[in-house]
Amino acid sequence: MLPVVLPGWLRRSVWLGLLPAVALLVLLIAPLGRLVLAGWAGDVSLPGAAATEAWSLGSPWQDDYLRWRVLWSLAQAGITCVLALALGLPLAWVLARFQFAGRTLVLRLLMLPFVVPTLVAALGVLALWGPRGVLSGWLGVNLHNTPWLLLYGNLFFNLCLVVRAGVDALGQVNARQVAAARSLGATPWRAFWRVEWPSIAPWLMSSLCLVFLYCFAGFGLALVLGGQRYATVEVEIYTLVAHELQLGQASVLALWMLLLTGTVALVYALLEKRLAAPARVEPIARRPPHGMAQWLALLAALGVLFVICALPVLAIVWRALDAGWATWVTVLDAEVRGALWNTLRFSALALAAATLLGVLHALAAERSVPWRAAAFLPFVVSPVTVAFGLLLLYPSWTASLPLLLAAYAVLAYPFVAKSLSAGLDSLPPHVLHAARTLGASPQRTFWRVTLPLLRPALRRGMAFAAATALCEFAVTLFLSRPEWATLTTLIYQRLGHPGASSLDQAMVLACLLMLLALLAFLLIEWPAADHHDRRRSPASAVAVGAFLHA
Amino acid sequence: MNRRLFTLAATALAAFSLSTQARAADELRVMVHSSFSLPKPLLAQFEAQNGIRLAIIKGGDAGEMLNKLILTRAQPIADVVFGIDNTLVGKALAAGVLEPALPQTADAPDANLGAALAAVDYGFVTLNYDKAAVAKSGISLPKTLQDLTLPAYKNWLVTPNPATSSTGYAFMLATISAMGEEPAFAWWAQMRGNGLKVVKGWSEAYYTDFARNKGAYPLVVSYATSPAAEVFYSKEKTPESPTASLNLKGGVFRQVEGVGLVKGGGQRAVALKFVDFLRSAPVQEALQTAMWMYPVQAKTPLAEVMRHAAEPTEFEAPATQVVAGKGAQWVARWTKVVLK
């Protein structure tokens, strides 16, 4: 019992928020604080980790090798942004303005890359362009050891994000303004630049911020596709910890990552704030393409989408089927069955915990802006950084199941919280009032009215949380015991033995994992998708993208 | 309804997964590196004789495996560890992850592993070449490591990164041990200029970039036994190996792998039996064609196929104390010289 009578909402949010707050504090903020301390004071003591040379806060900038890592990480993120915008804007325009058979399907398929685990995507890119890849064989080009593999992988994930944001943003453009510009004599080109572009630019910029964030803090793709030269800072941190045990240097790098990603996240938050809720506008009507040029534009757009977003997935399926029945049979050995079981039970437990945390957080954050912002925290921090911080802070808990699952849950629960927050915002208040007026207790109103209304939002959030847990890779690599191998870590292991048969096995496993992620997603999300899609604003589309990437 | 079902399922799953969590009392946890392999019947026999179940935990590359033991030493993840070699033993001892002394290792040969580990096998990290690729190039093989820096051998050698691969690490130690630190790093710098390719691990170097496996590099840092393995695994009956070792001065490292008890681990009695088991005649014989190492017990008969793998007579084997003291610095310096 609280000694003083607090206003109802405060009391509620305090109690509801207690659990998520503790989770964030213990599993995110404290480890980051430990990391900052380690990076700042050089306070990392581990027997056996022989000190090499002095490192300081400035060493990533003084050392040529580390500077190259940081600069390349920034550069590849920047290049991906430019490419994603250059390709994504025309694609979005075509999808937003033309009406054609299968348009809804294409829009829905744009979500597909989001449920593909990063590791699987990396394998898909390798299956296409890697050594002995499908396309590199036909075309006789070898992209291995070039930056293109990583950039292609980045685009696979992020092009869809930009296109999705672009399509939604273009749907908010006021048809009357464009019509007015045109009737005043503006060419379509001029009308685009003077009317449409200014109104969609903020949406695109905000999605590009996210693209930058993901690419910069990317781990899985860079680990597999970057090779020795084009790996990112996150991969360097992982190598320093797992292979070289240079915790001091790793924590300095992690500190810089935190600073840089924090800055980008701040820019993103500022941009988001400027994006007011869209007013009701009359959208520009979609027309079927007519004339050679418009059909060509449509075909070209679909072609580009196919090559970048569908081909890697198809390549994996093709390679997995090509591996032959024998591989499929042998692949299901005890080790794989164990990994499958681990993946399923870790994901289920993490999903349960994430749902609990997410629901509590969303309810607590109903009227509190800082709380809403707090749900973004796990997105901003890269999984590698979190895992490393946990490792430093709780050495006696490393390789313990509760810590691993808690880390999974903290990384996954913001999906539930964000989705539910959006759902709470759109709750019609009069229904709740009616229930209370008719004599339902607050508890009864919650269980019988609020919760059923929130079900679609909850499902969506859980779907993304489930996909996150299934695809989790970075934290597992850091905190897991070897015998707790999940499908992702097993794929990575098989990839480390690239004899032809191991590669085939990795492809089959990747196919399996992709199916699993898709299945979980469909099971939880599909029934809710239909009536949710219609009420989605661009902001939520971008946020959905954010979910999927983490 | 939905809610109740969900709660029920979650609770059941939680209970079930936590119950499988509890470690069986009749289980011996053996940490090994990713190249560990022994015939299943042998392991099954050990299990039957000792009434125990073996949980073989693969911890990645040997260096990575040791780091895992160090990072988790507060809650040891294994009872026994196999695969710590003469390049890593110093680090393992300094980190205190091994029981300092095994009771009965008096008969260990010149293994150079100290009291905490019992030697099990040894092998040689050395260069391998693809006979077909070398013949096709029309250039004779290099006679010294210095030859490899000549323009004729540009883009010939692929090596695993010493920071992430114990094979690469051993090769780097051999060059430093033979040439001395400064000349060795000067050589590495020249090699970098001559198109040296660096990859993450041995398997990537051997299976992706080595000319034998459709890669572009005629020379690879590998093992003296690899040519025998080529014959052993080849589908057609090949009278001779398509590859061979190229033992150059300063390019051969003798690696001795041992088994030891993890500090804080359990099952001591059975763990010691497992140590003996790895050094017993059947395992010593089997490991040759399972892990492609030489048996440490001299009386073990050599596998027939091993005649394709000549044992190098000259090799480097630097003192473990020196390696433990300077290894990390050397890796850092190597990264700077070759990769930066």
Point to revise | Surface per residue (accessible, 1.4 Å probe) for segment A:256-401, Å² | key: 50 Å²
Review point. Any idea of residue A:257's accessible area? Nearest 10 Å², probe 1.4 Å.
Key: 10 Å²
Point to revise | Placed amide H near residue B:246: partners under 5 Å, 5+ positions off or other chain | key: B:127, B:128, B:129
**Study point:** Carbon + sulfur, % of accessible area of segment B:148-231 - ligands and nucleic acids excluded, 1.4 Å
**Key:** 51 percent
Study note, to complete from the structure: Per chain B, sqrt(5λ) over the Cα gyration tensor eigenvalues, sorted largest first, in Å, gives 37, 23, 22
Study note, to complete from the structure: To the nearest 10 degrees, the tilt of helix B:320-334 (Cα long axis) against the first principal axis of the alpha carbons of chain B is 70 degrees
Point to revise | Whole-Hz ³J(HN,Hα) from phi, Karplus 6.51 cos²θ - 1.76 cosθ + 1.60, for segment A:17-32, glycine and proline x | key: x, 4, 5, x, 5, 4, 4, 4, 5, 6, 9, 10, 6, 4, x, 5
Exercise for review: Go through segment B:194-209 residue by residue and turn each phi into a ³J(HN,Hα) via Karplus (6.51, -1.76, 1.60, θ = phi - 60°); whole Hz please, and just put x for glycine and proline.
Suggested key: 9, x, 5, 9, 10, 10, 5, x, 4, 5, 5, 4, 6, 8, 10, 9
Study note, to complete from the structure: Buried by partner chains in segment B:79-95 (accessible area down by at least 40 Å² vs chain alone, 1.4 Å probe, heavy atoms, protein only) are B:91
Check your understanding: Given the rule -39500 (n - 2.57) for each run of at least 4 DSSP H residues, summed and divided by the residues of chain B, what is its mean residue ellipticity at 222 nm, to the nearest 500 deg cm²/dmol?
Key -> -11500 deg cm²/dmol
Practice item. Give me the distance in nm between label points sitting 7 Å out from Cα along the Cα-to-Cβ direction at residue B:314 and residue A:430, one decimal. Key: 9.5 nm
Exercise for review: Divide, for segment A:62-194, the radius of gyration over alpha carbons by 2.2 N^0.38 Å, where N is the residue count.
Suggested key: 1.37
Practice item. Could you work out, residue by residue across A:63-69, how many beta carbons of other chains sit within 10 Å of that residue's beta carbon, and then give the average as an integer? Key: 3
Practice item. Could you check which residue among B:69, B:43, B:196 shows the biggest mean-square fluctuation in a GNM of chain B with a 10 Å Cα cutoff? Key: B:43
Review point. Which of the peptides A:416-423, A:331-338, A:59-66 is most tightly packed, and how do the rest follow, judged by the mean count of other Cβ atoms within 10 Å per residue?
Key: A:416-423, A:59-66, A:331-338
Practice item. Shielding by partners for B:320-328, please: the mean number of other protein chain Cβ atoms within 10 Å of each residue's Cβ. Key: 2
Exercise for review: Specify the angular offset, from 0 to 90 degrees and rounded to the nearest 10, of the alpha carbon long axis of helix B:166-179 from the longest principal axis of the alpha carbons in chain B.
Suggested key: 40 degrees
**Study point:** Paramagnetic reach from residue A:341 (point 7 Å along Cα→Cβ, amide N under 17 Å) across segment A:371-402
**Key:** A:401
Review point. How large is ³J(HN,Hα), in whole Hz, for each residue of segment A:357-373 in order, when computed from phi with the Karplus curve 6.51 cos²θ - 1.76 cosθ + 1.60 and θ = phi - 60°, using x for Gly and Pro?
Key: 4, x, 5, 4, 4, 5, 5, 5, 8, 4, 10, 10, 5, x, 5, 5, 4
Check your understanding: Once segment B:138-229 is represented by equal point scatterers at the alpha-carbon sites, with solvent omitted, what log10 I(q)/I(0) does the Debye formula produce at q = 0.13, 0.18, 0.24 Å⁻¹?
Key -> -0.41, -0.82, -1.41
Point to revise | Protein accessible area in chain A, 1.4 Å probe - carbon and sulfur % | key: 69 percent
Practice item. Starting from the Cα of residue B:131, draw a straight line to each of the aspartates and glutamates and keep only those under 20 Å, dropping any in the same chain fewer than 8 residues away. Key: B:147, B:204, B:209, B:230, B:236, B:240, B:311
Check your understanding: For the protein assembly as shown, what is one quarter of the convex hull surface built on the Cα atoms, given in nm²?
Key -> 41.8 nm²
**Study point:** Heavy-atom accessible surface of segment B:36-134: percent carbon and sulfur, 1.4 Å
**Key:** 56 percent
**Study point:** For residues of A:344-355, the mean tally of beta carbons on other chains within 10 Å
**Key:** 3
**Study point:** Distance from segment A:92-128 to segment A:207-229 (C-alpha centre basis), Å
**Key:** 19 Å
Revision key, fill the gap. Only helices counted: for chain A, with every DSSP H run of 4 or more residues adding -39500 (n - 2.57) and the sum spread over all residues, [θ] at 222 nm is -23500 deg cm²/dmol
Revision key, fill the gap. Length gained if residue A:138 through residue A:451 is fully extended, taking 0.36 nm per residue and subtracting the Cα-Cα distance, is 107.2 nm
**Study point:** Subset of B:91/B:197; B:263/B:336; B:136/B:214; B:40/B:200; B:68/B:91 violating a 23 Å alpha-carbon distance limit
**Key:** B:91/B:197; B:263/B:336; B:40/B:200
Practice item. Give the relative contact order (percent, whole number) for chain A; include only Cα pairs under 8 Å separated by 6+ residues. Key: 23 percent
**Study point:** Rough spin-label spacing in nm, given labels placed 7 Å along Cα→Cβ, for residue B:263 and residue B:322
**Key:** 2.6 nm
**Study point:** Peptides ranked, highest mean first, by Cβ atoms within 10 Å: ranges A:83-93, B:200-210
**Key:** B:200-210, A:83-93
Check your understanding: How big a patch of accessible area, both sides summed and in Å² to the nearest 100, lies buried between A and B at a 1.4 Å probe?
Key -> 4200 Å²
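The values are calculated or read from the model by the stated rules, or taken from the named source; none is laboratory data. Since this is a predicted model, take the numbers as computed values, not measurements. A quick note on method: Cβ atoms are made from the backbone with ideal geometry, for glycine too, and the neighbour counts reach across all protein chains shown. With ligands, DNA and RNA removed, areas are computed over all heavy atoms of the protein, side chains included. Shrake-Rupley method; radii C 1.70, N 1.55, O 1.52, S 1.80 Å.
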